[in-house]
Amino acid sequence: MLRPHPGREPRPGSLFVKRAADYTLADSMNEGASLRNSKKYQERNQKNEEKERETERGSQKQRVILAAYLLAALDMSCLFMQFSTVPYLAKNLGLDSVGFGSLQTTFGVLQLIGGPVFGRFSDQFGVRAALTLSFLCGSLFYLLLGISTNIPLLFVSRIPSLFMHGLPGAQMVVTKWTTPTERAGALGKFGLCMGLGMIIGSSLGGVLATKFGLQFPTFVALTINLLCIPAVLVYIPPRTEPDEPGTQTTPSKSSSVFNIREITRLMRLPGVTPIFTVKLLSGLPFGLFMIMFAVISINFFGLNPQESGYLMSYFGVIQMFMQAVVIGRLTKRYSDDTLLLVSVAVSSVVGVAMALMGNVFHFCVIAIPLVFALAILAVITDSILTKSVPSSDTGAMLGICASIHPLTRTVAPTIGGVLFKSFGVSSFGCLHFTVNFILVFYLLRRKFHSKGQKLE
């Protein structure tokens, strides 16, 4: 490298000045290239970090949803376990058929009142707190049931069922962690959990009661509920929704969970009341039939208790197949409104078949389209209703939906008993057909009316 003579200034235009300028230009170019490379490096790192966060969110979402499904299956197994033993326990305590009906009505009324309140509790305090409350109440429920040695204590054991809503709580988790397009398929898998609970709970409850006594299944259910409490605290995060960029969650309202005005406010939102009415009316006739199923299986089908258990397991298998294979594929191909119309139309045809059936084989054949229609009805109506309310109110909406089954259990013993005694089994089919046939025309009219408004 050329260096000037000590004590001399380089002349302008000399070789040294040119070389120095060349080196300065090269240094600046290298500095600019290094800056560009550092920016590219930073952008590449940001993209890699975003991908890692997305992968972590996806894996967390899968873990949370899987935990919700497992908790729902365990909750339903415990519930069907006590369903299979409570009638015999009540009989041993000296409770007659009228008293047992009152016991069932008490359970239905408490669940009916607690469903919407449980949903409001979930929206205000989080799904994890709501599920913890549900399993705590379930533990107390099964403990009191297991130590029931008289009729008053048996009725007292029903009180904790006010907040026993494990299945709706798990549905709230999945609703919060899925997008509206994923929701119908994700909620449909809960039918699989219910089918598993129906099969495992009913069969296991009968076996345990036969070998170890009527109270033993209740203590098994108590243990399962106690184990579910730490599982909820570990696997269900305190946040009710995944922390995704750009996602904003409407804060929960500070009003009381017992505020009836908030519940009525949801029912007044556009599209909520019509869909809720369809959900209630379409499934009510079959709900009446199922409440009277124990009497029908004995007096009409001529089945013994073991055969009735097999028939219920058959129902569970069909439901599992529908939810695992059929419902998910249909929700991806067709809109919610279309599937709802198909469900109600199939139910009306099933009603005709139920009115004409004469033996248990006919009923086994009818059960396939019947379960198909009911499964679609439950999934699609829950999906539509949760999409119709703000994200901060989905828990309350699912709680309101969960109150339909307790409502059926409350009114069904009286209405179903009158229908069966006065008009026979065919009356359930006639009612099923009439209600759903009217709903088909209502949904068609509603669909054409909405299309006309869009064209205008």
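For region 271-398, the solvent-accessible area with a 1.4 angstrom probe is 39 square angstrom per residue. Our coupling estimate for region 430-445, obtained by passing each phi through the Karplus curve with A = 6.51, B = -1.76, C = 1.60 and θ = phi - 60°, is 4, 5, 4, 5, 4, 5, 6, 5, 5, 5, 4, 5, 5, 5, 5, 4 Hz, Gly and Pro reported as x.
Projecting the Cα positions of SER348, ALA402, VAL326 onto the charge dipole of region 321-403 (unit charges on Cβ atoms of Lys, Arg, Asp and Glu, taken about the Cα centre) puts VAL326 furthest along the positive direction. Other residues with beta-carbon under 10 Å from the beta-carbon of PHE107 carry, at +1 per Lys or Arg and -1 per Asp or Glu, a net charge of +2.
Taking every Cα-Cα distance in region 132-233 and sorting them into 5 Å bins from zero, the calculated P(r) comes out as 2, 12, 16, 20, 21, 13, 7, 5, 2, 1, 0 percent.
What is the distance in Å between the Cα centres of region 180-208 and region 377-442? Using only Cα atoms to place each centre, the spacing works out to 19 Å. Coupling constants for region 206-216 follow from the phi torsions by the Karplus curve (6.51 cos²θ - 1.76 cosθ + 1.60, θ = phi - 60°), and in residue order they are x, 5, 5, 5, 5, 8, 10, x, 5, 7, 4 Hz; glycine and proline get x. The candidates TYR334, TYR310, TYR142, TYR442, arranged from most to least accessible area with a 1.4 Å probe in the full protein assembly, appear as TYR310, TYR334, TYR442, TYR142.
The values are calculated or read from the model by the stated rules, or taken from the named source; none is laboratory data. Fair warning: this is a prediction, and the values are worked out from it, not measured in the lab. So basically every Cβ, Gly included, is an ideal-geometry build from the backbone, and we count neighbours across all protein chains shown. Side chains are part of the model used for accessible areas, which takes the heavy atoms of the whole protein and leaves out ligands, DNA and RNA. Shrake-Rupley method; radii C 1.70, N 1.55, O 1.52, S 1.80 Å.
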